[in-house]
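As structure tokens, the structure follows; a few thoughts come after it.
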Amino acid sequence: MNETDAIEMLQAAVWATCLVAGPVILPAMFVGVLVAMLQAVTQIQEGTLTFLPKMAVAVVAAFMASSLIGSQLVLLTERSYGWIASGF
């Protein structure tokens, strides 16, 4: 295994991480910004108010994106086993 192989494996892992985490984090972040704007407009400064909407959106997004998340993890696992089998 040389530096190019290690960088390729790391790049595949980082890309898979982005594809797995993105569908859950992005909607939660969007809802967090909307709730923060609503708090700023209404001057309600409660720190726990943003927790429940973000968690609810994250759970729904994870449920809806579960097939994408699973397929990306299976693809990364298969590629990793292929690299190991070929003597990477």
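Which of the helices in the chain, when you take each full DSSP H run, stretch at least 15 Å along the axis at their Cα atoms and have an average Kyte-Doolittle score of 1.0 or higher? Write out the running numbers ahead of the final one.
Numbers: long enough: 3-42 (54 Å, 1.46); 51-64 (20 Å, 1.96); 66-85 (28 Å, 0.59).
For the chain, where a helix must reach 15 Å along its axis and average at least 1.0, the hits are 3-42, 51-64.
Per the Debye calculation on the chain with a single equal scatterer at every Cα and no solvent contribution, log₁₀ I(q)/I(0) for q = 0.18 Å⁻¹ amounts to -0.80.
Where a number appears in this text, it was derived from the coordinates with a stated rule and is not lab data. Quick caveat, the model's predicted, so the values are computed rather than measured.
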